Amino acid sequence: MHVQRQRTETTDRPVALRGAAARTWALMVTTANDMMRQGLSPSVSEVAEAAGVSRSTAYRYFPSRADMLRAVVAKALGPILDWDDGASGEDRIASLFSTAFPRLFEHEATFRAALRQSLESDGADATLGRGHRRQLLASAIRDLDLPDLQKKRLNRALSLTFGIEAMVVLKDIWGLDDDEVRETALWAAQAMISAAQREAKGARQVKID
């Protein structure tokens with residue numbers, strides 16, 4: 001399952017960019033990522049200055065800080081966006097978590113910085129890469145025998161267990177290590193799925209009776 005990378009979710013490198021243009025784009029993304037990992041919340045202008053790129057060129061690639069942030073997040077997510085190892089049914093959620101969490105841990109500083117910048121944003125763009133989470137979780141539960149409305153609610157609930165926000169809670173509040181974070185998040189996700197399945201089964205029995 002290849003997650004569609006829509007404009008409202010991330011700014012991947014434009015297909016038309018080649019040669020020097022592609023290198024400049026990559027330099028901007030790498031520089032922004034490095035600055036974010038240092039705890040900074042750089043603007044497009046600040047990244048351009050650090051990268052030795054003119055401001056006019058930088059804004060041509062990234063009209064806003066949100067555009068730049070989406071590109072950084074997409075690069076950090078990497079192979080997660082192409083996740084689908086063929087698992088089916090209830091095994092898909094475990095497969096997703098096993099694939100995603102190691103990558104999230106590896107780039108934790110970047111995702112924490114992205115979260116911080118998101119919280120500091122002026123509200124002009126509230127997406128900042130979060131659309132991927134909805135699509136990935138929707139794919140993870142696609143095989144479950146649940147009504148569409150219940151699947152949508154389950155998807156929303158599962159989003160509480162997946163991503164940097166869940167990691168922040170489990171690490172910073174509970175002091176868990178990486179393995180404990182993944183195991184706890186997966187346990188919570190599986191418990192939600194079981195609850196949704198029991199609810200759906202009960203509703204079907206009521207209709208039959």
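The values are calculated or read from the model by the stated rules, or taken from the named source; none is laboratory data. Bear in mind the structure is a predicted one, so any value in this text is a computation, not a measurement. Counting neighbours? That spans all protein chains shown, and the Cβs are built from the backbone with ideal geometry, glycine included. Areas reflect the complete protein model, heavy atoms only, side chains present, ligands, DNA and RNA absent. Shrake-Rupley method; radii C 1.70, N 1.55, O 1.52, S 1.80 Å.
Applying the condition of being open to solvent by 10 Å² or more (accessible area, probe 1.4 Å), touching a residue at least 12 places away in the same chain (Cβ under 8 Å) and among the small types (Gly, Ala, Ser) to region 75-94 and asking which residue is nearest to residue 116 (Cα to Cα) yields 78. Inside region 71-109, can you point out the residues that are closer than 13 Å to residue 163 by Cβ and part of a helix (DSSP H, G or I)? Passing the criteria: 73, 76, 77, 80, 96, 97, 100, 101, 103, 104, 105, 108.
Restricting region 29-63 to residues that are of a type in the set (A, V, I, L, M) and assigned to a loop (DSSP other than H, G, I, E, B), the residue that is nearest to residue 75 (Cα to Cα) is 40.
For region 117-135, state whether one or more residues are more than 26 Å from residue 42 (Cα to Cα), surrounded by 15 or more Cβ atoms within 10 Å (Cβ to Cβ) and either among the basic types (Lys, Arg) or modelled with pLDDT under 95 (or both). The answer is yes, given that some residue of region 117-135 is more than 26 Å from residue 42 (Cα to Cα), surrounded by 15 or more Cβ atoms within 10 Å (Cβ to Cβ) and either among the basic types (Lys, Arg) or modelled with pLDDT under 95 (or both).
When 101, 105 are checked against the criterion of being surrounded by 22 or more Cβ atoms within 10 Å (Cβ to Cβ) and touching a residue at least 12 places away in the same chain (Cβ under 8 Å), 101 stands alone in meeting it.
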